[in-house]
Amino acid sequence: MIIKEHTVKTKSRHKIRLGEPLAIGGQATAYPATDLSTGTFGIVKLFHDQFVTSATEQRIDYLVSERLNDACKCIVSPDHIISDGKIMGHFCRRAKGASLDELLQKGLPLTQRIQASIALTHVANEFENRDIAHGDYRADNVLAHKTGSVIEVHIIDMDNFAAPSAPPPDCIGDLLYLAPELRISMNTGSPILPDILSDRFAMGAMLHEIILLKHPASGHDDTPERFDETMSAGVWVHDPVRANTHTMAGGAPAEILNSPYMKLFRRSFPLDKIERPPADALNKGR
Ligand SMILES: Nc1ncnc2c1ncn2[C@@H]1O[C@H](COP(=O)(O)OP(=O)(O)OP(=O)(O)O)[C@@H](O)[C@H]1O
Ligand SMILES: [Mg+2]
């Protein structure tokens with residue numbers, strides 16, 4: 001419901017003012033936005049025409065009804081749906097800070113990287129408890145804000161989620177974080193969806209980047225084929241107990257890890273997806 005230029009109305013009848021486009025993604029355009037009914041600053045994403053479908057509408061309705069924001073303050077999920085037959089999208093609250101990816105590149109102390117990883121495992125746990133796969137875990141979809149020595153993180157971009165009672169997502173995730181079973185299906189063209197077990201693989205890969213400052217395939221990725229092979233091998237190639245782990249991989253050596261992290265990475269990348277530990281195993285020391 002565009003009621004005047006740069007203003008849209010949600011199904012719940014909130015009037016939202018849009019700013020200039022912030023980012024044009026594969027599925028939607030993101031705008032800074034203000035909910036004029038409550039004064040809340042947020043982000044509106046309006047889907048590109050080919051994604052304006054009843055399946056997309058059902059998916060957004062599902063997310064709004066799950067009220068994930070109330071369940072965990074580190075999750076930013078849509079609060080309102082925008083749908084008038086022509087435009088379709090959602091409004092969610094705005095998270096502070098820059099992408100975690102950017103902060104990692106600039107340099108973030110280990111203590112803050114550990115704080116961020118613990119918060120992210122709580123997020124993963126919240127999703128798992130509801131049988132929702134985020135479907136696009138990567139440091140680019142985490143916004144991080146520093147207050148003194150404390151770092152606050154928010155996971156954003158729920159548009160690729162998968163859940164048993166919602167229509168399936170259009171993508172299977174980001175190439176850098178795909179679990180082996182998703183990778184095989186992509187390469188063979190057979191249908192598959194992300195699930196909480198493929199999310200465990202992606203979360204393991206993201207935590208590896210946060211803690212060790214390198215991707216789990218780093219140093220074993222000189223060609224796309226080698227990268228694919230490494231990611232499909234079912235092993236943690238940086239495991240200090242493996243021979244030949246000291247390559248030109250960059251980042252920190254895996255020897256710096258304490259036992260819970262060592263266990264987490266050792267168990268995150270197997271081919272048998274059932275073996276991948278829930279992310280909160282890190283917090284429980286399982
Ligand atoms: N809740 C939010 N708070 C603050 N900034 C946000 C929020 N949601 C999105 N953004 C900003 O907008 C950018 C794009 O959003 P998002 O990650 O959801 O979509 P995308 O990855 O560009 O695209 P798509 O999902 O369409 O492929 C983010 O990188 C971030 O800078
Ligand atoms: Mg994104």
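Just so it is clear, none of the values below were taken in a lab; they were calculated from the coordinates. These numbers come from a predicted model, not from an experiment. Cβ: placed from backbone, ideal geometry, glycine included. Neighbour counts: every protein chain shown.
Residue-level analysis places LEU63 outside the set of residues that are touching a helix residue (DSSP H, G or I) at 6+ places or on another chain (Cβ under 7 Å) and in a helix (DSSP H, G or I). Highlighted here are the strands (runs of 3 or more DSSP E) found entirely within segment 67-174 that include at least 1 residues which are within 16 Å of ligand 2 (Cβ to nearest atom) and over 24 Å from PRO278 (Cβ atoms): 88-93.
Here are SER218, SER190: which of them is in a loop (DSSP other than H, G, I, E, B), more than 16 Å from ligand 1 (Cβ to nearest atom), in contact (Cβ under 8 Å) with a residue 24 or more places away in the chain and surrounded by fewer than 21 Cβ atoms within 10 Å (Cβ to Cβ)? Please lay out each step first, then the result.
Working: SER190 fails: in contact (Cβ under 8 Å) with a residue 24 or more places away in the chain.
The conditions single out SER218.
Restricting ASP157, ASP101 to those that are surrounded by 23 or more Cβ atoms within 10 Å (Cβ to Cβ) and either within 10 Å of ligand 1 (Cβ to nearest atom) or within 13 Å of ILE211 (Cα to Cα) (or both) reduces the list to ASP157.
When restricted to residues that are within 10 Å of ligand 1 (Cβ to nearest atom) and either assigned to a loop (DSSP other than H, G, I, E, B) or not polar (S, T, N, Q) (or both), segment 11-32 contains 11.
All conditions in (1) among the small types (Gly, Ala, Ser); (2) touching a Lys or Arg at 6+ places or on another chain (Cβ under 9 Å); (3) outside any helix (DSSP H, G or I) hold for GLY204, with the sole exception of (3). For segment 24-56, the set of residues classified as closer than 13 Å to HIS90 by Cβ and away from ligand 2 (no atom under 16 Å from the Cβ) consists of ALA33, ASP35, VAL52, THR56, listed by residue number. Scanning segment 26-71 for residues that are under 22 Å from GLY97 (Cβ atoms), touching a residue at least 40 places away in the same chain (Cβ under 8 Å) and surrounded by fewer than 18 Cβ atoms within 10 Å (Cβ to Cβ) yields a count of 4. What about ASN141, is it closer than 28 Å to SER218 by Cβ and of a type in the set (S, T, N, Q)? Spelling it out, ASN141 is indeed closer than 28 Å to SER218 by Cβ and of a type in the set (S, T, N, Q).
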